[in-house]
1. At 0.36 nm per residue, minus the direct Cα-Cα distance, what do N104 and N395 gain on full extension? Give it in nm, one decimal, please.
2. In segment 252-310, which GluC sites (Glu not before Pro) fall in coil by DSSP and have 16 or fewer other Cβ atoms within 10 Å?
3. Gap in Å between the Cα centre of segment 34-87 and the Cα centre of segment 197-272?
4. Amide H of S95: which non-local residues (sequence gap of 5 or more, or other chain) have their own amide H closer than 5 Å, using H built in the peptide plane?
5. So what's the back-of-envelope 222 nm ellipticity for the chain, counting only DSSP H runs of four-plus at -39500 (n - 2.57) apiece and dividing by all residues, rounded to 500?
6. Out of the trypsin sites (Lys or Arg not before Pro) in segment 72-159, which ones are loop residues according to DSSP with at most 11 other C-beta atoms within 10 Å?
7. Would you list F108, F264, F434 from fewest to most Cβ contacts within 10 Å?
8. Can you work out the Karplus-derived ³J(HN,Hα) for every residue in segment 233-246? Use 6.51 cos²θ - 1.76 cosθ + 1.60 with θ = phi - 60°, whole Hz, and x for glycine or proline.
Amino acid sequence: MNIDLEKPMTHLTENKEDRYRPKYHMTPPVGLLNDPNGFIYFKGKYHVFYQWNPFKTDHSTKYWGHFTSGNLYEWHHETSVLAPEDWFDHSGCYSGSAIENKGNLIAFYTGNVKNEKGERETYQCMATSKDGMSLDKKGPILHLPDNYTAHFRDPKVWKKGSTWYMIVGTQTKEEEGMVAFFSSENLTDWEHHGPIAGSYMNGLDYFGYMWECPDLFSLSGQDILIVSPQGLEAKGDKYNNLFQSGYFIGEMNYEDQTFSHGTFTELDRGFDFYAPQTTIGSNGKRLLVAWMGMPDEDEKNHPTIDNCWIHGMTIPRELSIMEDKLYQKPVEEMTCLRTKEVRHNKVSISTDFHEFDGISGNSIEMVIDILSKDYEVFNMRVSDAIQVSYDSSTNIFSLTRRKYHSEIDEVRECILEDLSSLNIFIDVSTIEIFINGGQEVFSARYFTDNKDSSVLFSCEGELSLKITKWDMKNSII
Ligand code: FRU
């Protein structure tokens, strides 16, 4: 079905000129964007569908919006592919995934329904496509099994051998978050095998009241379960956002339908990262995109809502495992967006904040190599809203953000034994910091009235750096 993009947009004006709109990150033309959905490489094109409210900058309804790319760095905004207008999805075409089968793209999503009594109903639905550009709804293929509340959503489907598998994010009737596991031989009849992970399972204590957006895949011989649990309490430098997204490394036993796993690790240590989804890229690599946002109070403070839009995606990242840790690197294709390069092979940093020639800009990539280790504290400031610091005596790496229109500084931290390099993507109102080749990542949105696009450095002790900066091309079409 094709939705006329004009229809949802009649009462909104597209505002490409918004001064906070990123230039190489996917953002919605109007309205609200949240989770990436149906991320797939299909017939020579990447598709990132996404949760979209085209009418308002809130979560009151959800369509599936759509971006395509031939190369992972230039993204085209396409016509919306799913609208919430059927009995099984009329309160929202919620998140889901896509697979390829016999030359067709097949999407699975959650039909969210609020009935006349105001109660929630949930249907896992299928929609198919020959070319990936429009989806034909086939209706529900899975109804809510016993034991779960209607917070049962976000189907992720994959194939192993000749069998299809699905996991769904759930809440049990005891209000514990879990991942339910299903199998099918034909994609339409699904057998429920119960939960494979969740609160009080596999050695976990209580671990949240709902698990959203699960994803399961194998990487370098290990199985990874990514999930977004809700209801974790902050613990030191962990779990400081309203909701978390992270992963368990383990082993999926398809015969016993069990998943044994280790501890939960957050994927991103910044302020804005949720509901990631992965797929396999054209080169066989495991790729990830995530919503660079959070469904929290702070949404109301985004100045972009004055221009009728809010939120965006992270840049695509490539996953790998090293020493039982998931590393995330920007996909190599991002280097195609680099234009004018400025390089300082060796600069000495002093105690006063200092700007280096040509190292500034509001849509840039930087690579910073730490050349000397004889320093206590390294600081970097981006405009007047962001400060990045590493204290080599406490091993604390921190990202401090000035809350928009306030004097409040918020901080996210992690422990890092050593800082050797930073790969930083700044895009108008977004920052993504890849530390030590992707060992840790911090992602955040930030807003400032100040048009200053300087990047300043300071340190305590002796520090020299190699700094390379590229201006980045606009890549959203
Ligand atoms: C995660 C989520 C999903 C749901 C979708 C609705 O952000 O809450 O669980 O399907 O967003 O937009």
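Values in this text are rule-based calculations from the coordinates and carry no lab data. Given the structure is predicted, the values throughout are model-derived calculations rather than measurements. Using ideal geometry, Cβ is built from the backbone for each residue, glycine included, and neighbour counts are taken over all protein chains shown.
1. Working: separation 291, 0.36 × 291 = 104.76 nm, distance 4.99 nm.
Full extension of this stretch gives 99.8 nm more.
2. Details: sites: E255, E266, E297, E299; in loops: E255.
Here the GluC sites (Glu not before Pro) that fit, given the DSSP loop and packing criteria, are E255.
3. 25
4. Amide H neighbours of S95: T110, D154.
5. Numbers: 1 runs with 4 residues, N = 477.
Value at 222 nm, helices only, nearest 500: 0 deg cm²/dmol.
6. On the way: sites: K102, K114, K117, R120, K130, K137, K138, R153, K156, K159; in loops: K102, K117, K130.
Sites meeting the loop and neighbour criteria: K102, K117, K130.
7. F264, F434, F108
8. Here the 3J(HN,Hα) series is 8, 4, 9, x, 7, 9, 6, 8, 7, 4, 10, 10, 9, x Hz.
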